[in-house]
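Laboratory data are not the source of any read-out in this text; all were calculated from the coordinates shown. All values reported here derive from a predicted model rather than from experimental measurement. Reconstructed Cβ throughout: ideal geometry from the backbone, glycine too, with neighbour counts over all protein chains shown.
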Amino acid sequence: MEFQDVVRKRKMVRSFDPERSVPRETLERIVRNATRAPSAGFSQGWGFLVLATPEERATFWEVTNRPGQEESTGSPQMHSAPAIIVPFAHKQAYLDRYAQPDKGFPPNYEARWRIPHWYVDTAYASLMMLLTVTDEELGAIFFSVRDPAPLREAFGVPEGYDPIGAIALGYAGVDQRPPPRRDERRGIDDVVHWGRW
Ligand SMILES: Cc1cc2nc3c(=O)[nH]c(=O)nc-3n(C[C@H](O)[C@H](O)[C@H](O)COP(=O)(O)O)c2cc1C
């Protein structure tokens, strides 16, 4: 697909065709492209959990929607997605990288990071995946994960990895939400400031 078409067509998809699974090679391309994202100091402080079997997906929805949670994770429609990728940010990779001689900061110097780049870079990687999904003519939704602890425990994720959200993906089903109206997107003149704000 043409790059500009990928950008234009990328829209969050919230319902999926449960009958069509995503081929393994496609999932591999999606996560491979995630690793092409830029990262501060080339720290690459990220990790991606791919859940594609019915059991893995059921466990994901179960642990992210425990009774008593303030808000549910993902809408029921999303549960039909044939694959879920959870992008995790790994702060320690940045603290270790920036303690190396070419960077020269003290070990574990978190105060250096006004903006926590482990989240920024993992978000870049997530966008790479969303764009790849569009290029594959699939659909995806990035959504918030409320409580990381049960998710980490269920899938053996080490403590230092923080899920920045999750991506449910698959072939688009009948989307029950109307697409956002075109005029809802903030205009260029509203958000772009040439030369002076
Ligand atoms: C960080 C982030 C978190 C989001 N969380 C949710 C969510 O929990 N549930 C949901 O339905 N959409 C979620 N979205 C999708 C946004 O609602 C969507 O990107 C926005 O409405 C613009 O629509 P578009 O992406 O289709 O252009 C999230 C998007 C981002 C970037």
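Among the residues of the range 155-175, write down those that are aliphatic (A, V, I, L, M) and either buried (at least 16 other Cβ atoms within 10 Å of the Cβ) or within 13 Å of the ligand (Cβ to nearest atom) (or both).
Within the range 155-175, the first condition is being aliphatic (A, V, I, L, M), and the residues that meet it are 157, 164, 166-169, 172, 174.
Across the range 155-175, the qualifying residues are Val157, Ile164, Ala166, Ile167, Ala168, Leu169, Ala172.
Filtering the range 129-158 to residues that are among the basic types (Lys, Arg) and not in a loop (DSSP other than H, G, I, E, B) leaves only Arg152. Just one of (1) touching a residue at least 12 places away in the same chain (Cβ under 8 Å); (2) within 16 Å of the ligand (Cβ to nearest atom); (3) in a helix (DSSP H, G or I) fails for Asp5. It is (1). Of all residues in the range 137-153, those satisfying the criterion of being more than 16 Å from the ligand (Cβ to nearest atom) and surrounded by 16 or more Cβ atoms within 10 Å (Cβ to Cβ) are Pro150, Arg152.
Taken over the range 44-78, the criterion of being within 16 Å of the ligand (Cβ to nearest atom), free of Cβ contacts under 8 Å to residues at least 40 places away in the same chain and surrounded by 15 or more Cβ atoms within 10 Å (Cβ to Cβ) is satisfied by Trp61, Asn65. Residues that are β-branched (Val, Ile, Thr), within 24 Å of Glu136 (Cα to Cα) and more than 15 Å from the chain's Cα centre (by Cα) do not occur anywhere in the range 60-83.
Every test in (1) surrounded by 13 or more Cβ atoms within 10 Å (Cβ to Cβ); (2) touching a residue at least 60 places away in the same chain (Cβ under 8 Å); (3) touching a helix residue (DSSP H, G or I) at 6+ places or on another chain (Cβ under 8 Å) is passed by Trp113 save one, and that test is (2). Which of the residues spanning the range 37-92 are part of a loop (DSSP other than H, G, I, E, B) and either of a type in the set (Ser, Thr, Tyr) or in contact with a Phe, Trp or Tyr (Cβ under 8 Å, 6 or more places away or on another chain) (or both)? Scanning the range 37-92 gives Ala37, Pro38, Ser39, Ser43, Gly45, Thr53, Ser72, Thr73, Gly74, Ser75, Ala81, Pro82.
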